[in-house]
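Asks: Here it is: the structure, laid out below.
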Amino acid sequence: ELRDHLPASVIASEDEIRASTSALYNFLVNGDDYYDVLHDDDAVTPLADLKRAFHNHVRIHRRDGAKWPADDYHVKAAGFTVRSVNMCKQCNNPAKRESCG
């Protein structure tokens with residue numbers, strides 16, 4: 001693997017480089033004055049809430065051109081898990097084949 005041949009200093013600066021080039025990764029790792037991003041194994045945050053917080057962060061800090069990326073790479077790289085849950089439109093609970101049509 002290419003990573004095995006890189007100097008230790010390059011590997012150590014990977015997070016710093018990622019934070020400086022990705023507004024979302026920087027927000028997830030460092031938060032800001034208003035938002036604290038906490039790593040809690042039991043916590044669940046709807047993606048819409050995370051996107052809203054990020055867009056507020058971008059607006060307040062005037063980070064022009066910073067947009068929500070098309071994939072979940074930066075969220076996963078920051079140590080979070082992304083999971084999709086299909087919701088039933090009738091009962092607003094996670095859809096189950098046995099109880100939802």
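Asks: For the chain, modelled as a GNM with alpha-carbon contacts under 10 angstrom, which of G79, G65, G31 fluctuates the most?
Replies: Of G79, G65, G31, the Gaussian network model singles out G65 as fluctuating most.
Asks: Let me ask you something else. So, by mean Cβ neighbours within 10 angstrom, what's the order for 51-60, 87-96, 2-11 with the highest one leading? Intermediate results must be reported in sequence, preceding the final value.
Replies: Values: 51-60: 15.1, 87-96: 10.8, 2-11: 7.9.
Averaged packing, sorted descending, gives the order 51-60, 87-96, 2-11.
Asks: Report in % the part of the accessible area of the chain that belongs to carbon and sulfur, leaving out ligands and nucleic acids; probe 1.4 Å.
Replies: On the way: 3930 of 8250 Å².
Whole-percent figure for carbon plus sulfur exposure: 48.
The values are calculated or read from the model by the stated rules, or taken from the named source; none is laboratory data. Values in this document were obtained by computation on a predicted structure and should not be read as measured data. For neighbour counting, all protein chains shown are included, and Cβ atoms are generated from backbone atoms with ideal geometry for every residue, glycine included. Heavy atoms of the whole protein, side chains included, go into the accessibility calculation; ligands, DNA and RNA do not. Shrake-Rupley method; radii C 1.70, N 1.55, O 1.52, S 1.80 Å.
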